[in-house]
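To start, the structure under review is shown below, and the notes come after it.
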Amino acid sequence: MNYHIPVLLNETLEILAPKNTERALDCTFGGGGHTRALLNSSECYVCGIDRDPEAKFRADSLKIQYGDRFDFLLGRFSQLSKLLKNSDKFDMIMFDFGISSFQIDTSERGFSFSKEAPLDMRMSKEGISAYDIVNFFSERDLANIIWTYGDERNARKIAAEVVEKRKISKVETTTQLSDIVKKVLGYSSIRKGHSKLDAATKTFQAIRIFVNDELKEINDALEYIPQILNNNARIATISFHALEDRIVKSWAKSKKNCFFQINKRVIKPNKNEIHENPRSRSAILRGFVYTEDNRERC
Ligand SMILES: C[S@@+](CC[C@H](N)C(=O)[O-])C[C@H]1O[C@@H](n2cnc3c(N)ncnc32)[C@H](O)[C@@H]1O
């Protein structure tokens, strides 16, 4: 697949409810799926942000199509105060956490356990890579990462096996790492509901989260957004695992005086969406409205 299907698109638009002349910030531009839908659903303005330099090429074609109604900023959403101008305020903000299909399906990015490639996993294409962690971190640190960010019960055994292997030669590729995990767990995949879960899923997720400091990114961005919101701004967050969703939930709880949940229950993809786009299966959408009445308590 070298395209990305936007997840929970109609449901997200319902939460964001764009109106002509309003301003939206899409903090996870990716392939521009949500941005494009916003731009098509009203005469609003959208600023897209992504840390992946490859997203810029996709943004260029939206710029040609939508002109002044669209801008793109390359950077991390934890850096909003540096990326945006002081006067920038928004009526809608969206986050669609995690990685895009472009990133997973481009094998040389090293995100996928099913495609032979150098261990990398860096969304921004800079900083420490999965290779550095797997080959140079201590056994204990490696086990902690796999346990904390992957909830992998066999984290210690996996770390021990990695350390054994790298005594002989470096673990260079995605499939080498995946084979180590499979050997330790003793299976290649298990059934989870209607789908199959690859044995290496949790370990890869853990290393990816660590490489990109994903949880701190989310925390920092959510803490900052009250400063760039207009009154009655809407916020949509799409999480893909419990660690992300937990941060959103606890942020919302701590800010309950100025952010009100739009839907009582979280929104999940229906069977049709999961059938058409299996990658949507774990998505959890939450929507909030900001009121500046209690801004000082936010
Ligand atoms: C799930 S994809 C978004 C897909 C997009 N909504 C679409 O429909 O095309 C997530 C995107 O967010 C980007 N991203 C993840 N963490 C980020 C961060 N901390 N700062 C900026 N971009 C980030 C990734 O590089 C990826 O392109």
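The values are calculated or read from the model by the stated rules, or taken from the named source; none is laboratory data. What you are looking at is a predicted structure, and each value in this text was computed from that prediction instead of being measured. Here the Cβ positions follow ideal geometry from the backbone for every residue, glycine too, while neighbour counts run over all protein chains shown.
Overview of values
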{"read-out": "Residue in region 244-256 that is modelled with pLDDT under 95 and part of a helix (DSSP H, G or I) present", "value": "no"}
{"read-out": "Conditions (1) over 19 Å from the mean Cα position of the chain (by Cα); (2) farther than 22 Å from His4 by Cβ; number of the one not met by Leu80", "value": "(1)"}
{"read-out": "Filtered residue count, region 98-113, keeping only those that are more than 15 Å from the chain's Cα centre (by Cα) and within 11 Å of the ligand (Cβ to nearest atom)", "value": "1"}
{"read-out": "Exclusive hit being more than 22 Å from the chain's Cα centre (by Cα), crowded, with 21+ Cβ neighbours inside 10 Å, assigned by TED's automatic domain parsing to the domain that holds Val162 and aliphatic (A, V, I, L, M), set Ala143, Ala130", "value": "Ala143"}
{"read-out": "Sole exception among (1) out of contact with any strand residue (DSSP E or B) (no Cβ under 9 Å at 6 or more places or on another chain); (2) within 16 Å of the ligand (Cβ to nearest atom) for Leu142, by number", "value": "(2)"}
